[in-house]
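Please read the structure below before turning to the comments.
The values are calculated or read from the model by the stated rules, or taken from the named source; none is laboratory data. A quick note: this is a predicted structure, and the numbers were derived from the prediction, not measured. For neighbour counting, all protein chains shown are included, and Cβ atoms are generated from backbone atoms with ideal geometry for every residue, glycine included. To get the accessible areas, we keep the full protein, side chains included, count just its heavy atoms, and leave off ligands, DNA and RNA. Shrake-Rupley method; radii C 1.70, N 1.55, O 1.52, S 1.80 Å.
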Amino acid sequence: MYTHMRLMALFLFASAGFAQSGATITGTVFDLPGATVANAPIQATNIGTNAVYKAASSDKGLYTLAQLPAGTYEVSVAALGFNPYVQKNVIVAGAQTLRLDIHLTDFQFDTLGDGREFRVDQLTPHATPSGLTPRTADGKPDLSGVWYAQRPVDPGKPEALPWVEALFQERVANNSKDAPGAHCLTRGVTAAGALFPYKLVQTPTLLVMLFEDDIPSHRQVFLDGRGHPKEPNPSWMGHSIGRWEGDALVIDTVGFNDRSWLDPQGHAHTEKLRVTERLRRPDLGHLEIEFTIDDPGAYAKPWTIKRVADLDPDDEIGEYVCENNKDPEHMVGK
C-alpha cells in the first residue's frame, strides 16, 4: 500500500510539473479606434514544428493561448472586416506567460460606405438561386452572369524569393499604402473581381469579363484556338487564351508588366509571370475560380489561389470612376 501511494504521489507531482511547463500567450484584441474586438480568431503557429494552436477573443476582446510548448511562434488573425494581422518571431519559454495585445487595422480604415461592414458583406456567402449548371448550345457550361466579388477559399502558400519577401514585408508594414488601386491603377488579373461585382459574357469564341472596379475595366479571353503573340506587349492584364477541359475552362495568361500586386497584401511578380486559371460552374448559383501563379523570377515554385463567387441574378455592374483621387495623401504608412 505504501509503495502504491508513493508511486501515485510521484505521478501526480510529475503531472503537475508537466502541466505547469506549458507557455501562455494572452492579451486583448483592439480595433483601430481602440475598441475591443469579440470573436476574433487567433492562431499561433510553432515555427519549429508547424503545430497550430487556436483561440478566439471573448465578448470583451480577451484571448488566451495556453499550454504552448516553448519556442518561436507566428501569431496571426484573419477577422472579417479587418486587414490580416501577422506578428512573427514571438518567443515564449516554458511556463512563461507572455502579454501580446493585438491591434487590428479596420479594412480601408473603416471609411464610411467602404470600410468594415463593406468587407464583411463582401466575404459573407450570399443567397443564390438553386438549379443545374446552365449550358450553351454546344453543351459547354455557360459562365455568363453577374457575380458578387470573389470570396477566398484558400489564399495559397507562396514561397517568395528573398527580394519578394522583403518587398512584401515593407508593403505590409506600410499598410499597403502604395497599392495600385490607391493610385487609380488596375489591381491586376488575380485581384480583378475580388473587391466589387463583375460580369461574364460568354460566346463560343470569346469570354468577356467586365469589372465594376479596376482600370482597365475589362478582360478578353480568346476561345477561338489562337495562340499568344510571339512578342506580347507587357500589360497589366496580359494576353489570355482559353480551352475547355471537360467542364472546366482553363485560361492561360502571359505578357504581364511587373506593376500589379497578386493579392491585397502586396505579393509582387516579374514579367516572367504566367497565370493559369480554372473556372468551373458546379451549379446555377456558384462559380469556382483557381489561379495558379508560376513566376520563377519571384517564387521558388508555383502556388495556387482558390476562390468562389455567388451569382447575383437581380443586379447589374455599375460605373466605377477613379478621378480626382484624394486617397494617397491620407494613406498611412511608416
* Mind checking which residues of the range 129-143 are open to solvent by less than 50 Å² (accessible area, probe 1.4 Å), in a loop (DSSP other than H, G, I, E, B) and in contact with a Pro (Cβ under 8 Å, 6 or more places away or on another chain)? -> Pro129, Thr133, Pro134, Thr136, Asp142
* **Checklist (1) in contact with a strand residue (DSSP E or B) (Cβ under 8 Å, 6 or more places away or on another chain); (2) among the charged types (D, E, K, R); (3) open to solvent by 30 Å² or more (accessible area, probe 1.4 Å) applied to Arg219, failing item** => (3)
* Asked: Which ones in the range 112-134 are modelled with pLDDT under 90, over 15 Å from the mean Cα position of the chain (by Cα) and not aromatic (Phe, Trp, Tyr)?
  -> Leu112, Gly113, Asp114, Gly115, Arg116, Glu117, Asp121, Pro125, His126
* Asked: Taking the range 83-111 on its own, how many of its residues are over 13 Å from Gly27 (Cα atoms), open to solvent by 20 Å² or more (accessible area, probe 1.4 Å) and of a type outside the set (D, E, K, R)?
  -> 16
* Pairs under 7 Å by beta carbon, first residue modelled with pLDDT under 95 in the range 226-255, partner among the aliphatic types (A, V, I, L, M) and in a strand (DSSP E or B), six or more apart or different chains? -> Pro232/Val254
* Asked: Does Ser144 satisfy the condition of being of a type in the set (Gly, Ala, Ser), farther than 18 Å from Ser176 by Cα, at pLDDT 95 or above and out of contact with any Leu (no Cβ under 6 Å at 6 or more places or on another chain)?
  -> no
* To do: State which residue is farthest from the chain's Cα centre (by Cα) when the search covers only the range 197-209 and only residues that are in contact (Cβ under 8 Å) with a residue 40 or more places away in the chain and buried (at least 17 other Cβ atoms within 10 Å of the Cβ).
  => Gln202
* Of all residues in the range 144-165 being open to solvent by 40 Å² or more (accessible area, probe 1.4 Å) and outside any loop (DSSP other than H, G, I, E, B), which is farthest from His269 (Cα to Cα)? -> Val153
* Asked: If a residue has to be at pLDDT 95 or above, assigned to a loop (DSSP other than H, G, I, E, B) and open to solvent by less than 40 Å² (accessible area, probe 1.4 Å) to count, how many in the range 263-311 make the cut?
  -> 8
* When residues of the range 172-196 are filtered for being of a type in the set (S, T, N, Q), open to solvent by less than 20 Å² (accessible area, probe 1.4 Å) and farther than 16 Å from Glu277 by Cβ, how many remain? -> 1
* Condition met for Val201 (touching a His at 6+ places or on another chain (Cβ under 7 Å), modelled with pLDDT of 95 or more and in a strand (DSSP E or B)) -> no
* Out of the range 166-191, which residues are of a type in the set (Lys, Arg) and not in a helix (DSSP H, G or I)? -> Lys177, Arg187
